[in-house]
Amino acid sequence: MDHKNEDTLYFIKNRIIVLMILCFSLSATAQKLTGKWIVYNGAEVYSTCHVYEFEKRKLNIYNFDQFYTTTKTKINYRKGAFTRDMEHAGRIEDLVIKFKINGDVLFFTEESVNDYVFENHPILQLMKLVPTQMHADLSEVEGHSFLIKNDATEKTIIDLKKSSCETRTDPNNLACNFTKIEKIDDTYFLVLFYNRSKREEALVIKEIHKDKIVVYVPTSDKAKTITLQKV
C-alpha cells in the first residue's frame, strides 16, 4: 500500500473516532435533562415542591400527589434550549426555554414565544432528584427534633414529632403547620405543610443517619449541603 492510501485510511479512521466521541458525548449530555427535578426559588433554601419530570418527548409538572400538566417537549442540546406547548394569544404555540446544567442543578435562563422574549422573567433554578443515601432506618429519625445552625447565633428547630393537627378534621381550624418526611421514588424530602394539608416547601434529603439528616441547599451556581443534628 502506498503512502497516499495510508494517509487516506489514517484520515478516515481519525474522522470515525472523532465522530464516535462526539456522538457519545452528545448522548451522555442528552441524559442529563431527562429525569425529575424539583424547583427552588432562586438561591433560597426551600423548594416550592413543584417537580418537573423530563421524558424523551414530554414534560410532566406536579406537586408530589397533585398533577398539574403534561406537554410535548423537544430538547435541543446544541442550542441549550427546549420547547414546550403553551397557549398564547388564543392558540397553542411553542414556548422556547433556554437552560444550562451545572452538575445536579438546572437553570432556566430565558423564555420566548415567536422570538418575543419575556422580559424580567425570573431565572428558574431546579435540582435533580437522586436517591437518598440511607444509613439508618426511617423510624430512627421520625418522631425526633433536628437543629439547623444558620450561623453562630441563629438556630432553627425542625420538629418531626407527629402533630395532632395532621389528623384534625375541623375545616374551620386551618392554623396548623408541621413538617414530615415524604418521598418521590427513592428521594426523601423534609416537607413543610401549612394549614394542615397544603405542601408549601421542601428540603431534598441527601443522607439519613441515626443522629443527623443531611439536606441539599442549591446556591446561585451549584448545590451544597447542610446538616440537621438530632436534639
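Miscellaneous remarks
- Reported count of residues in segment 196-219, each being closer than 14 Å to Leu160 by Cα and free of Cβ contacts under 8 Å to residues at least 40 places away in the same chain, is 1.
- Test: residue in segment 23-45 that is of a type outside the set (Phe, Trp, Tyr), outside the structural domain of Tyr194 (by TED's automatic domain parsing), modelled with pLDDT of 70 or more and more than 13 Å from the chain's Cα centre (by Cα): no
- Residue in segment 130-151 that is loosely packed, with under 10 Cβ neighbours inside 10 Å and at pLDDT 75 or above present: yes
- Lone qualifier among Leu106, Leu59, Leu95 - being within 22 Å of Leu190 (Cβ to Cβ) and either touching a Ser or Thr at 6+ places or on another chain (Cβ under 7 Å) or of a type in the set (A, V, I, L, M, F, W, C) (or both): Leu106
The values are calculated or read from the model by the stated rules, or taken from the named source; none is laboratory data. Quick caveat, the model's predicted, so the values are computed rather than measured. Cβ: placed from backbone, ideal geometry, glycine included. Neighbour counts: every protein chain shown.
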